[in-house]
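As C-alpha cells, the structure follows; a few thoughts come after it.
The values are calculated or read from the model by the stated rules, or taken from the named source; none is laboratory data. Just so we're clear, the structure is a prediction, and the values are computed from it rather than from any experiment. We place every Cβ from the backbone using ideal geometry, glycine too, and count neighbours over all the protein chains shown. Just the protein is used for accessible areas: all its heavy atoms, side chains included, with ligands, DNA and RNA removed. Shrake-Rupley method; radii C 1.70, N 1.55, O 1.52, S 1.80 Å.
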Amino acid sequence: MDIRDTSDVIKVLNECAGGDREPETWRVETFTMHRLSPKHGYQDVAIKILDRGPNFSPRYLVSAETPEGQRCTGNSGDDLNETIRLVHWYQLDH
C-alpha cells in the first residue's frame, strides 16, 4: 500500500481502528498563506483540506483560520478546485 493512495489508507484505518460504529476518516493536508486583509493587515492563514478519498461523496472540505481567530469554510464537494473557490474567504476580513 502507498500512503499517497488515500482511499486504501482510509479503508485500512477504518477496518483496523474504526470501532463498533461506522467511522469517518479524513486525510488532512495543511497549507499556510500570508495574505493582506483590508481590515487586519497582513495575516498568516492556516488552511486545512480534508479528503475522505474518492469512494466517498462529498469528498473534500476546506477551512481556514488565522492566529487571531478569524475563520472561514465553505460547502464540501467532490471537485477540489470548486470546493476551494466556494470557501467564504471574505470572512477572514471580519
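Taking only protein heavy atoms and a 1.4 Å probe, what accessible area per residue, in Å², does the chain have with all protein chains in place?
70 Å²
Pairs of Cα atoms under 8 Å, at least six residues apart: use those to get the relative contact order of the chain, whole percent.
Computed value for the chain: 20 percent relative contact order.
What angle do you read, to the nearest 10 degrees and between 0 and 90, between the alpha-carbon axis of helix 6-17 and the longest principal axis of the chain?
60 degrees
Hey, what number do you get for the chain at 222 nm if only DSSP H runs of n ≥ 4 count, each worth -39500 (n - 2.57), divided across all residues, to the nearest 500?
It lands at -5500 deg cm²/dmol.
Mind ordering 60-73, 24-37 by average Cβ neighbours within 10 Å, highest first?
Ranking the peptides 60-73, 24-37 by packing returns 60-73, 24-37.
For the chain, what is the charge dipole size about the Cα centre, in debye to the nearest 20, if Lys and Arg each add +1 at the Cβ and Asp and Glu each add -1 at the Cβ?
Computed about the Cα centre, the dipole is about 300 debye.
Viscosity 1.002 mPa s, temperature 20 °C: give me the Stokes-Einstein translational D for the chain in µm²/s, with Rh taken as the Kirkwood radius over C-alpha pairs.
Estimated diffusion coefficient is 146 µm²/s.
Using a 7 Å offset from the Cα along the Cα-to-Cβ direction at both Asp8 and Asp79, what is the distance between the two label points in nm, to one decimal?
In this crude label model, Asp8 to Asp79 measures out at 2.9 nm.
On the protein heavy atoms, probe 1.4 angstrom, tell me the percent of accessible surface of the chain carried by carbon and sulfur.
50 percent
Just going by the charge dipole of the chain, with Lys and Arg at +1 and Asp and Glu at -1 on Cβ, which of Thr30, Ile10, Gln91 is farthest out on the positive end?
Working it through, the farthest residue towards the positive pole turns out to be Gln91.
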